[in-house]
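To keep things clear, I will list the structure first and then write my remarks on it.
Laboratory data are not the source of any read-out in this text; all were calculated from the coordinates shown. Because the structure is a prediction, the values reported are computed rather than measured. Neighbour counts run over all protein chains shown; Cβ positions are idealised from the backbone, glycine included.
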Amino acid sequence: MEKLELLVGILVGGSSSRMGRPKGLLPAPGEPHRCLLERLVEEVSRALPLAPCVLVGIRAEYARFALPTLADAASESGPLGGLVALLDEGARIGAEHVLALACDHPYLQRDLLRRLAQERPEADVYCPITGGKFEPLVARYRVNLAQPFREALTQGKLALQPLLSQWGARAIDLNSEEERMLIDWDTPEDAGQHFR
């Protein structure tokens, strides 16, 4: 069987406490009848048509979407719990890498997704840097990181920035348009007029 190169995981398990509702269900900019998750799934499918896509995190609100769902590797563990679950699933199905995406990026587009998937294949972690910090939820990870990331999870070391530094994350160079794609929505103020 030919080796699967990439598994895409969209993380939806966050509590959305600041937003007050599941962020992936917010209306997409300029598209009041389509939510952020639907928009992102379409961008992924157009950018990477051969890559399977899963939702990471169990939230009843997303049950209507016809996508496989993974439970976080541990409860109350933040994004690391979801990332470990995604890496484990990638290893289970024989993928080389996983692409981890937060569900709350309203402007993420297929060209950047394709770059993240295809460039620097030797990198253990490949992601943007904004404001001097890695963007761990718009990032590609080699599946061999499943074990060390699980060890960090078990030890309660949940912060992703030190992990990405430890594993030599490589930064993708972005133009100004791509930098805008990294905007995320954490609060109703972020969503502005699109929040209903």
Out of Pro162, Gln109, Phe65 - ranked by how far each Cα lies towards the positive end of the dipole of the chain, with unit charges on the beta-carbon of charged residues - the top one is Phe65
Footprinting exposure proxy for Leu86, Leu4 (fewest neighbouring C-beta atoms within 10 Å first):
Leu4, Leu86
Exposure proxy ranking, count of Cβ atoms within 10 Å, fewest first, for Cys103, Cys53:
Cys53, Cys103
Over all directions, average the projected area of the Cα convex hull of the stretch 103-196 and note it in nm².
7.3 nm²
I'd like the orientation of helix 78-93 relative to the chain: the angle between its Cα long axis and the longest Cα principal axis, in ° from 0 to 90, rounded to 10.
60 degrees
Packing-wise, with mean Cβ within 10 Å as the measure, how do 67-79, 116-128 rank, highest first?
116-128, 67-79
Taking neighbour Cβ counts within 10 Å as the exposure measure, how do Glu89, Glu179 sort from fewest upward?
Glu179, Glu89
Percentage, to the nearest whole number, of Cα pairs in the stretch 43-102 over 14 Å apart:
58 percent
Inverting the mean 1/r over all pairs of different Cα atoms, compute the Kirkwood radius of the stretch 42-150 and quote it in Å.
14.5 Å
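Lys157: net charge of surrounding residues, Cβ under 12 Å, Lys/Arg +1, Asp/Glu -1, itself excluded?
Here the count lands on 0.
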Counting only helical runs of four or more DSSP H residues, what would the 222 nm mean residue ellipticity of the chain come to if each run contributes -39,500 (n - 2.57) and the total is spread over all its residues?
-9000 deg cm²/dmol
Give me log10 I(q)/I(0) at q = 0.09, 0.13, 0.17, 0.18 Å⁻¹ for the stretch 4-194, Debye formula, one equal scatterer per alpha-carbon, no solvent.
-0.29, -0.63, -1.14, -1.30
